[in-house]
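First comes the structure, then the notes that go with it.
The values are calculated or read from the model by the stated rules, or taken from the named source; none is laboratory data. Treat the numbers as computed from the prediction; the structure is a model and nothing was measured. Virtual Cβ from ideal backbone geometry, glycine too; neighbours counted across all protein chains shown.
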Amino acid sequence: MTFLELTGVQKHFGDVAAVLDFNLAAERGEFVSFLGPSGCGKTTTLRMIAGFEIPTAGRITVDGADITRKPPNQRNVGMVFQSYALFPNLTVADNIGFGLKVRGKSSADIRKRVDELLGMINLPDRGNRYPYQLSGGQQQRVALARALAIEPQVLLLDEPLSALDAKIRITLRKEIRAIQRQLGITTVYVTHDQEEALSLSDRVVVMSDGRIEQIGTPFEIYNYPSTTFVASFVGTLNLVDAGVVDAGTGRLSLAGQEVRTAQPVTSAATGDRVTLAVRPEGIDLGEGPEGRNRLRGQVEDINFLGSIVRLRLALGGTADGSAPTTLALDTFNEPHLTLPAVGEQITVSFPPEACFVLGATGGHVAPTPDFAAMEDGATA
Amino acid sequence: MTVGGPAIGPRAPGALESVASSTATTRRPRRRFGSPWAWVVFIIGVTYFIVPLIATFEFSMRKKPAFSAYSDALTNPGFWSSLGYSFIVGVITVVLSIALIVPTAYWVRLRVPRLRPLVELVTLLPFVIPPVVLVFGLIRAYSRPPLPFTYTDIGSTALLVFAYIVLSLPYMYRSIDAGLRAMDIRTLTEAAQSLGAGWFTIIVKIILPNLRVALLSGAFLSLAIVIGEFTVAAYLVRPAFGPFLNLLGGSRSYEAAAVSLISFGLTWLAMIAISIVGRGSRTRITLAGAR
């Protein structure tokens with residue numbers, strides 16, 4: 001059953017449209033992330049759920065109750081800010097208990113709940129400290145506990161890990177997810193970090209220029225981006241120019257070599273030029289089994305990226321004499337890995353399912369694959 | 001073309017070493033006692049500040065026996081009554097100023113930041129309008145019905161407080177505004193709102209406690225102005241410290257010099273109190289950024 005619902009939500013600041021026609025239905029206990037670049041409207045949408053901004057149009061409901069125009073202090077929504085926003089004049093315990101005190105709870109109830117939350121965030125002995133006496137990670141844990149203390153219907157997190165260093169970010173990410181699962185609280189998480197969004201969320205809302213580009217599970221978003229923007233924003237992607245040889249059977253010509261897609265090309269006609277997208281990790285060294293697309297090219301560059309090695313392959317010039325098409329492929333960095341030399345001619349391969357066609361004008365991928373069947377297949 | 005992913009590039013060999021060596025070569029040795037010019041400026045400043053005090057002290061000591069000007073001033077009943085009156089008026093002024101300016105400055109910063117230049121201009125008006133103009137305006141406006149403030153002592157004192165609120169506006173507003181600037185009031189407000197707090201709770205529980213040092217600075221500056229103020233108090237015929245000092249200077253010049261130094265000492269004590277309270281402050285505004 002839908003718990004948090006945004007219907008046709010829009011926000012304009014003067015002539016500037018910050019959010020346009022935003023529709024989302026989140027289930028109770030679901031973890032939804034808003035992912036997008038700066039200025040895409042994700043924080044504005046979050047602030048509208050919190051009540052800090054009033055939508056220009058549309059409706060926001062929580063558990064069936066319309067909260068579109070309710071003041072923020074009358075919504076039961078907890079919020080965690082990027083800058084922690086702990087009250088500097090209050091101790092950690094007082095910060096966590098602030099919302100309960102405002103609600104007129106007894107001192108004993110407040111103390112009990114604060115102790116419980118301090119234990120949950122692994123800071124049981126820090127109740128008497130002031131925020132400035134804590135590290136950034138500890139402060140953000142306290143901010144999370146403070147937001148959870150009031151037992152909110154919805155928890156909102158606005159880039160909560162952006163100000164922290166990489167190691168703490170990963171630790172805290174896991175803790176946030178564990179606490180969210182433990183409490184079963186409906187959560188909306190805003191981030192521009194795709195790794196964060198993909199690793200934390202049940203569903204990801206990818207946004208650009210105030211619009212939703214795609215809503216889907218991390219698997220769907222990563223493997224089946226529905227727009228050029230999503231394809232280019234999430235993960236690393238080869239975007240190469242190809243000619244449509246036969247739209248009906250999904251046959252394309254890439255730098256004079258044939259490539260097949262799993263689906264017929266519907267966004268362009270035979271003879272059109274299209275953009276072919278394929279992820280570097282979808283391409284393997286060698287010819288691979290029968291039925292795969294095979295491409296020959298010259299190794300241009302080899303980069304070690306830690307756990308993976310990225311090779312750049314020049315596929316040769318196009319028919320009109322333009323620059324050669326370059327393709328990147330990633331392979332796991334293992335001790336017994338044998339790599340080709342720079343300048344060597346090699347064959348690489350990838351299955352038709354690994355590539356998809358973006359329309360000649362950057363349109364949608366069509367048709368939409370059967371995600372459920374594919375996920376089942378992937379699990380099997 | 002490949003989009004997304006990390007940009008990789010070879011690290012220049014010896015890059016770290018070259019940075020380290022350049023840092024070492026460009027680091028200047030620290031001067032232990034600062035530059036000579038800084039000392040010249042410091043000595044001129046201290047001289048400008050100290051010489052009048054020494055002269056005043058020397059003048060006050062001409063009355064024999066030694067320190068009799070001070071003992072006479074301190075035993076003068078008018079000294080304590082006028083100082084007490086001015087102090088009470090000053091405290092009321094400070095309390096009303098805080099009640100008026102904190103919500104105003106907070107609201108302007110939070111909701112209408114575009115109006116800040118206008119509000120700042122208004123708060124600077126007391127520097128442009130002389131106190132004598134202000135007090136004549138007040139007397140003309142409030143010495144007749146429907147608001148005959150000057151008909152009673154309490155009314156005149158109220159008028160004096162209102163005038164002092166105006167006169168201390170630049171100092172109080174600037175102190176509070178600087179205090180608000182030092183904290184992220186928008187995020188703190190939103191955090192409190194999301195926890196269920198209303199405006200009154202936010203101002204009393206969150207904003208005011210975090211403005212403690214700024215409020216103390218503004219309060220002591222206002223208090224210093226009120227205690228030494230002469231024009232408004234004299235024209236409203238109030239038994240304040242400024243008119244008392246003026247009266248004393250006309251008849252007993254040695255005692256007047258002594259009283260000046262005493263009031264100066266009291267002001268300094270107040271400043272030291274601010275610095276002690278400020279240093280002991282447990283609140284530090286550290287929003288954003290990992291430690």
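Among the residues making up the stretch B:101-137, those that are among the aliphatic types (A, V, I, L, M), under 30 Å from residue B:228 (Cα atoms) and touching a residue at least 60 places away in the same chain (Cβ under 8 Å) are B:101, B:102, B:105, B:132, B:134, B:135. Just one of the listed residues (A:163, A:178, A:197) is out of contact with any Lys or Arg (no Cβ under 9 Å at 6 or more places or on another chain), within 13 Å of another protein chain (Cβ to nearest Cβ) and small (Gly, Ala, Ser), and it is A:163.
Scanning the stretch A:329-378 for residues that are part of a loop (DSSP other than H, G, I, E, B), farther than 17 Å from residue A:296 by Cβ and modelled with pLDDT of 90 or more returns a single hit, A:351. Residue A:77 falls short on exactly one of the conditions (1) of a type in the set (A, V, I, L, M, F, W, C); (2) closer than 30 Å to residue B:213 by Cα; (3) within 7 Å of chain B (Cβ to nearest Cβ), and that condition is (2). Taking residue B:59 as the residue in question, decide whether it is modelled with pLDDT of 90 or more and over 27 Å from the mean Cα position of the chain (by Cα). So residue B:59 passes the test. Taking (1) within 14 Å of chain B (Cβ to nearest Cβ); (2) loosely packed, with under 14 Cβ neighbours inside 10 Å in turn, residue A:283 satisfies each apart from (2).
Is it true that some residue in the stretch A:240-258 is basic (Lys, Arg) and part of a loop (DSSP other than H, G, I, E, B)? The answer is no; no qualifying residue exists. The set of residues in the stretch A:94-135 that are more than 10 Å from chain B (Cβ to nearest Cβ), basic (Lys, Arg) and closer than 24 Å to residue B:202 by Cβ comprises A:105, A:111, A:113, A:129. Inclusion of residue B:170 among residues that are more than 11 Å from chain A (Cβ to nearest Cβ) and either outside any helix (DSSP H, G or I) or touching a residue at least 60 places away in the same chain (Cβ under 8 Å) (or both) is not warranted. In the set (1) more than 14 Å from chain B (Cβ to nearest Cβ); (2) at pLDDT 95 or above, the condition left unmet by residue A:157 is number (1). Residues that are over 18 Å from residue A:316 (Cβ atoms), more than 14 Å from chain B (Cβ to nearest Cβ), in a strand (DSSP E or B) and without any contact (Cβ under 8 Å) to a residue 12 or more places away in the chain: does the stretch A:259-267 have at least one? No, the stretch A:259-267 has no match at all. Looking across B:156, B:168, B:194, B:143, one residue alone is of a type in the set (Ser, Thr, Tyr) and within 30 Å of residue A:85 (Cβ to Cβ). It is B:194. Pairing residues of the stretch A:227-238 that are more than 8 Å from chain B (Cβ to nearest Cβ) with residues that are modelled with pLDDT of 90 or more, at Cβ distances under 7 Å and at least 6 apart in sequence or on separate chains, gives A:227/A:213; A:227/A:214; A:229/A:208; A:229/A:213; A:230/A:206; A:230/A:213; A:230/A:214; A:230/A:221.
Note on the stretch A:173-217: residues that are more than 17 Å from residue A:23 (Cβ to Cβ) and either surrounded by fewer than 20 Cβ atoms within 10 Å (Cβ to Cβ) or among the basic types (Lys, Arg) (or both) amount to 17.
The residues on offer are B:222, B:175, and the sole one that is modelled with pLDDT of 90 or more, buried (at least 22 other Cβ atoms within 10 Å of the Cβ) and closer than 21 Å to residue B:87 by Cα is B:175.
With the structure loaded, tell me whether residue A:279 is among the charged types (D, E, K, R), more than 27 Å from residue A:303 (Cα to Cα), in contact with a Gly (Cβ under 7 Å, 6 or more places away or on another chain) and modelled with pLDDT under 90 or whether it fails that test. When the stated conditions are applied, residue A:279 does not pass them. Flag: residue A:58 does not match the condition of being under 27 Å from residue A:27 (Cα atoms), at the interface with another protein chain (Cβ under 9 Å from one of its Cβ atoms) and not hydroxyl-bearing (Ser, Thr, Tyr).
Could you tell me whether any residue of the stretch B:139-148 is in a helix (DSSP H, G or I) and charged (D, E, K, R)? Scanning the stretch B:139-148 turns up at least one residue that is in a helix (DSSP H, G or I) and charged (D, E, K, R).
So residue A:32 ticks every box in (1) in contact with a Lys or Arg (Cβ under 7 Å, 6 or more places away or on another chain); (2) under 17 Å from residue A:204 (Cβ atoms); (3) outside any strand (DSSP E or B) but one. Which box is left unticked? Exception for residue A:32: condition (3).
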